[in-house]
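Single-structure report; data block below.
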Amino acid sequence: MPSLRRFLRRLLNVVLPHRDEDALSRELAAHLALLEDEFRRRGLSAAEARRHAWLALGGIEQAKERHRDARSFRWLDDLRRDAFYAIRLMRRSPVAALAAILSLAIGIGLNAAIFTVVDWVLLRPLPFAAPQELVRVFTAGISPATAPAAVTFSELAAFSHTNVFRDAAGVSTTTRVMTGRDLDPTHVVIARVAGDLFSTLGAQPAIGRSFSRQELAAAAPVVVLSHAVWQQRFGADPAVVGRAIGIDGSPAVVIGVMGPGRGYPADADLWRPLTAAEREDDDRDLVVIGRVSDHVPPSRASAEVGTIARAMSNGARTAWVEDLQRTTVTSVSAALQTLLAAAMLTLVLACANVAALVGARAVDRAGEMGLRGALGATRRRVLAQLLTESVVLSTAGGVLGLLLGQWALNGLVALAPVAIPRLAEISLDGRVIGIGALLTIITGVAVGLAPALQLSSETLTSAIGRTSARATARSNGRRILVGAQIAIAVVLTTGAVLLTRSLQHLVAIDHGFSPDRLLSVELSLGRGFSGDARQLFRELIAGAETLPGIEAAAVAMRLPTQIVGVRTAIAVVGEARASATATLRPVSPTYFDTVGLRLTEGRAFNEADLPNRSRVAIVNAAFVRDILGGRSAVGARLTASLFDGTASIVGVVSDTTPGAQADRPALYVPVAQLGIGGGYLIVRAATDPDSIVPSLKARLRSVAPALALDRTRRVAAALEESRAVTRFSTELASGFAGLALLLATIGVYGLTASDVAARWRELAVRLALGASRSTALWTIVRPCAAILAAGAALGVVGALAAGPSLQSLLQGVRATDALALAVAPLFLCAIGLIAAILAARRVLGANPAATLRNG
Amino acid sequence: MPPSGDKSRVELLPGTLELIVLRTLTTMGPQHAYGIAARVEQVAEPPFRLNQGTLYPALVRLEQKGWIKGSWRITESNREARYYAITRAGTRALAGEIDRWQRSAGLINRLLTNEGD
């Protein structure tokens, strides 16, 4: 107990170091007085008595030091004192301290926030067991060579028997309508499974069970639900297993529910075994996933499936495997790599800044350290002091970084495209924070400790005398750092400007039709539908048109945003040319008015274009240009592989160019003359389209109760989705560019300030000898201007070199865009010059005579 | 330790000073630091001069352990001084400390005697 009691007392004295000081002084004074009394009584003079008293006590200060050592923890007390000293130093030069803290915070926090989002959106490992073992099998024709394609059922069966795969399964998706008791008819993406997909992935249902071997073999009518569908359509009912549902009218039983974010493909709503008929069809539409056996390299798996595919096709087709993770992110890998590079560059910038700022302070303090050494401070003690200062700085930067990072992450998540998986779980990436903190803090500590490491070889005079010489040498190093910073910032800012221009271009695009206030309702009549589709379409249009708030309504097989569709071979009657192909677009008569496509020639369809009348067609401008060679279309007749007889062209409409894509030759035909099993009801609202959704759905439900109406959305939303990746990349790139700009500005300011500090005396002499203020200002700013120009030039070269990697993200703007290449360097140079002038003005404001006296 | 030119000054073995202070306070009652130092120098045989500043760490340690307690009083010569008195915990601890010292001193003595043969 006494030792614990003593420990606590000592701790208390660390916190309150002055608590006993007064009492101690008083006690020692009393002790001396008693000694003096004694010596005087022995007959010594007053002065002699005082001297002997001092000797007997062994020195007041020494006694006090011994007392302090015993009553407190010396090292802890030193630490406390150093920390307070560090804070005092920071308050003496708040700008430099703030700049260093900010650089650390950016390096640690903001960078981590941006990286976390990139990582989360684009780089998350697949949510399956041992994802590195999973591969996807591709096939392609050898001669003629064709693009990578999916796999047929018979190929899958052959691949499954090799020993390179422990497990293999195929899956193909299609859209169907799900019905059931207490369920609104709903579109669902069905994944049809061949082989044991779930055990191949190592992802089993969270509720219920997976397909049994027998169920897979017999194509039993059983389904596994995705977590999202279970929540949205079944109210997260835990007793959902065993429930009967209908899929396009056929009954099926729910046997399991997957966990959130599990299952493959990610957009599947439910899984069911591939039916016998689908196996018979042997369509090339299976995405085949294999789990390679232990110690089998992908190259061997590729060779094996390639051999099998060639054997099956008499050498016409080959096959190979690719890492599943990589195939799921290929579409965005260019953007991913660009942004990762940007994150690395930002971190480099932050480290460079910390090094420059802490280094500047170290140079300023070489004299102080020399003095301390001369006064008897041990090297260890000085190291401890500098280390404490670095840690205080880093802690401030780290805390600020975490705050900034969390705040930025929330902002970024709000900006992100809707499809961030497991959004609720997203949090700052600990590893990224760790790496950022480690790099910046190590940089800061290493640079900060340099003067202490030099101390051993220093003598007082050399340390103080050489300060200015070393400052010049150091500042050359710092200039290179700042030049590099400018170059990096130019590269990043140029990228951001390019992406911004691309985005502006996308927003200002002419889609060819007018997407405002357009609402589309996907219509899937499905196999269960037995009535007259044409009659149903007429009733749906009539029902929608008579609703208040709706200006027009039409039915079409494809939306005007979908250029790709059903292709048909056509031949123009009386022309010798070989047949061409066009996209077949069945539409109702009101379609062109509803979506806002301009009729440039002839007439639109009307109610008289009925099945029993002569076939009519309308072509688009691309058709006239590419197939008719620009000659007049109206009156021409043509045949098509997808319908019988000949059709007369009665009109020409303008092209539809969603997202500035070029339209293809298209053949519009009346839905009345060509039956379709589904499509879209398109309505144009008088005001906000979202506000009429409930009344529209109610009206359509009364017309056709069995119709699934869940895919009702604004047409403009589809256009926005197509530029979501560009928009998000732009936002992230702008974020990095902003950080780079901030760091480069801090760097330039820091460079100028320390340059000025090193040349303070020289400037003062110049001013004292009558140099004008503007001359002196120029003397300071000139080297900065040179660095800015050199860095900017280097940056432009870098931006040109990085251009190709960015081009895939750009639309309507070239990577070598002159404006973008000019904006960033000019802006940075301007910022840099302002920073330099601000720093220089501080010196010039001082009195030169005072500078010379004190400097 | 600062170097001292005074050869007659003796540094005590570490830890012994605390024992000496406790013992002095038991036999003489409450004493100030000078009084303790004077007593030590007086009983020493042959006489030696203590570096009186070295008393202070020992006093702090004892006080922090709760074995002695200091209070300000006026001396006979009408000067103020801080008097230390042994506490009850200190009295209890002294017995153990003495026992510990005698055992280690006895061991050292025996070793030195045997070595001397």
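FYI, it's all coordinate maths here, none of it is from the lab. Computed from a predicted model, the values in this text were never measured in an experiment. Here the Cβ positions follow ideal geometry from the backbone for every residue, glycine too, while neighbour counts run over all protein chains shown.
Distance from the Cα centroid of the stretch A:186-214 to that of the stretch B:48-117 is 83 Å (rounded to whole angstrom).
Which angle between 0 and 90 degrees, to the nearest 10, do you get for helix A:693-703 versus the longest principal axis of chain A when only C-alpha atoms count? Approximately 20 degrees, to the nearest ten.
Sorting the Cα pairs of the stretch A:152-246 by distance into bins of 5 Å, from 0 upward, gives 2, 11, 20, 24, 19, 12, 7, 4, 1, 0 percent per bin. Radius of gyration over Kirkwood radius for the stretch A:135-294, both on Cα atoms: the Rg/Rh ratio is 0.99. The relative contact order of the stretch A:241-322 comes to 15 percent, based on Cα pairs under 8 Å that sit 6 or more residues apart.
Give the average over all directions of the projected area of the C-alpha convex hull of the stretch A:173-216, one decimal, in nm². Over every viewing direction, the Cα hull of the stretch A:173-216 projects on average to 4.2 nm². Summing +1 for each Lys or Arg and -1 for each Asp or Glu among the other residues whose beta-carbon sits under 10 angstrom from that of B:Ala33 gives 0.
Neighbouring Cβ atoms from other chains, within 10 Å of the Cβ of residues in A:58-68, number 5 on average.
Averaged over peptide A:21-30, the number of partner chain Cβ atoms lying within 10 Å of each residue's Cβ comes to 4. Exposure proxy shown here: for A:Val354, A:Val497, A:Val14, the number of other Cβ atoms within 10 Å sets the order, fewest to most, as A:Val14, A:Val497, A:Val354. If you look at the Cα atoms of the stretch A:111-183, you get an Rg and a Dmax of 18.8, 53 Å.
The share of C-alpha pairs in the stretch B:76-117 whose separation exceeds 16 Å stands at 62 percent. In degrees, nearest 10, range 0 to 90: what is the angle between the Cα axis of helix A:21-41 and the longest Cα principal axis of chain A? Rounded to the nearest ten degrees, it is 10. Take the Cα radius of gyration of the stretch A:58-176 and divide it by 2.2 N^0.38 Å, N being the number of residues; the result is 2.48.
Scale the Cα Rg of the stretch A:654-741 by the rule-of-thumb value 2.2 N^0.38 Å and send over the ratio, two decimals.
1.60
The aspartates and glutamates within cross-link reach of B:Lys69, meaning a Cα-to-Cα straight distance under 15 Å and a gap of 8 or more places when in the same chain, are A:Asp20, A:Glu27, B:Glu18.
Roughly what angle does helix A:74-92 make with the longest principal axis of chain A, taking Cα atoms, 0 to 90 degrees, to the nearest 10? Helix A:74-92 sits roughly 70 degrees off the main axis of chain A.
Report summary: the helix-based calculation at 222 nm, which adds -39500 (n - 2.57) for every DSSP H run with n ≥ 4 and divides by the residues of the protein assembly as shown, gives -17500 deg cm²/dmol.
Provide Rg over Rh for the stretch B:10-85; use the alpha carbon set for both Rg and the Kirkwood Rh (inverse mean inverse pair distance).
0.95
Counted over all Cα-Cα pairs of the stretch A:642-687, pairs farther apart than 18 Å make up 54 percent. Given the Cα atoms of chain A, and with Rh set as the inverse mean 1/r over their pairs in the Kirkwood sense, what is Rg to Rh to two decimals? Here the Rg-to-Rh quotient is 1.14. Put in line by how crowded their Cβ is, counting other Cβ atoms within 10 Å and starting with the fewest, A:Asp269, B:Asp99, A:Asp626 read B:Asp99, A:Asp626, A:Asp269. A simple charge model with +1 on the Cβ of Lys and Arg, -1 on the Cβ of Asp and Glu and nothing else charged puts the dipole of chain A at about 3600 debye relative to its Cα centre. In summary, the stretch A:531-666 shows an alpha-carbon radius of gyration equal to 1.07 times the 2.2 N^0.38 Å reference for compact globular proteins.
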